[in-house]
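Reviewing the structure listed below.
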């Protein structure tokens, strides 16, 4: 299938082509025709890295009337990084269309700056829930006339504690709008929101489990003692010959220690953890994107919303607490049709967890010595 065959208008297709996006992914193939051709609520279940932004972005842009100057659509995202990334993508998609103005608003930036940008005509707002509520309270944003509300990575927004904000926003837009909800997992807390705010006749698409777990990822594990983990990691990094990747820990304390240890071994390594200021976080991410850093050590919370192209590997220095986190972590590599490696460094007592992951996610792990 091509995008034109899915019903994507020529001018939007030209923008996609220029970005190197020519073959639709599974979620795009299934979502775009539905969202382009009918006004409906929608629930799409698909992993991170499967091209969700174009799956909702293209239909969203095709519904905007550029001659009307009010906010016509709202996209909610869990993190500043993901919000910025979505806004940037939408801007690139519209290179050859009539001017459609997208504004992204998020915490961690001076609100005055966003207030002045919002005075310009804005068709689409991409927002983190907390900052949007602030702006609504200041009467700087009017979402009463929106036709479409997209929730991207809805499960992440809930696990980050945005449930109250989401229900406030959703209740303020009731009536003539459609909700498009995209999520990698469907926790029970999400069902409450779906039951209250999404139409019972919503179209539901699930990129099934076999497709959801990215086929391009090789899953491997090494069993060893806690004391030898750092040496095992150093040996693995040698085999990667300059490949770039993210190393995950479960706690902030472990991330800080590992970051120090790798720095002492002269690795170009950055640290991402939940208590960092937005400014420091941006600095690290900039350096990582520009490839001045080869490695990132990160906690699960800190890695939310990260999208970096061409990561060769992900290392689980500590296994995550939740199965979903494994999917989110390993999905950072092998994006957009590329291949990648996900390596877990475990102790004997954790082999059982690897077996559970295999069963739950329908994947095979290879043990390497």
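Normalised by the residues of the range 1-110, what does the relative contact order come to in percent, with Cα pairs under 8 Å and at least six apart?
30 percent
Looking only at 32, 217, 21, which one moves most when the chain is put into a Gaussian network model with springs between Cα atoms under 10 Å?
Judging by the Gaussian network model, the answer is 21.
Measuring from centroid to centroid over Cα atoms, what is the spacing of the range 7-33 and the range 126-162 in Å?
Using only Cα atoms, the two centres lie 26 Å from each other.
Quantify how much of the Cα-Cα distance distribution of the range 213-367 extends past 21 Å, in percent.
Value for the range 213-367: 40 percent of Cα pairs lie more than 21 Å apart.
Springs between alpha-carbon pairs under 10 angstrom, Gaussian network model over the chain: which of 144, 183, 206 fluctuates most?
Maximum fluctuation in the GNM of the chain, among the listed residues, is at 144.
Relative to the longest principal axis of the chain, what angle (0 to 90°, nearest 10) does the C-alpha long axis of helix 26-37 take?
The two axes meet at around 10 degrees.
For the chain, what does -39500 (n - 2.57) per DSSP helix run (n ≥ 4), summed and divided by total residues, give at 222 nm, in deg cm²/dmol to the nearest 500?
-11500 deg cm²/dmol
Output the peptides 57-64, 4-11 sorted from most to least packed, where packing is the average of other Cβ atoms within 10 Å over each peptide's residues.
For the peptides 57-64, 4-11, the packing ranking is 57-64, 4-11.
Exposure proxy check: 106, 317 ranked by fewest other beta carbons within 10 Å? Provide the component values of the computation, followed by the final result.
Numbers: 106 23, 317 20.
Exposure proxy ranking, most exposed first: 317, 106.
Once both axes come from the Cα atoms, what is the angle between helix 52-63 and the longest principal axis of the chain, in degrees from 0 to 90, rounded to 10?
So the helix axis and the longest Cα principal axis differ by about 10 degrees.
How big, on average over all directions, is the shadow cast by the Cα convex hull of the chain, in nm²?
18.0 nm²
Going from the alpha-carbon gyration tensor of the range 10-208, what semi-axes, largest first and in whole Å, does one get by taking the root of 5 times each eigenvalue?
Rounded to whole Å, the semi-axes are 23, 22, 16.
Multiply the residue gap between residue 339 and residue 264 by 0.36 nm, knock off their C-alpha separation, and tell me the result in nm, one decimal place.
Once the chain is fully extended between residue 339 and residue 264, it gains 24.0 nm.
Could you check which residue among 28, 218, 352 shows the biggest mean-square fluctuation in a GNM of the chain with a 10 Å Cα cutoff?
Among 28, 218, 352, the largest GNM mean-square fluctuation belongs to 352.
We did not get these values from a lab; they are worked out from the coordinates using the rules stated. Keep in mind the model is a prediction, meaning the values are calculated, not measured. Here the Cβ is made from the backbone with ideal geometry for all residues, glycine too, and neighbour counts use every protein chain on show.
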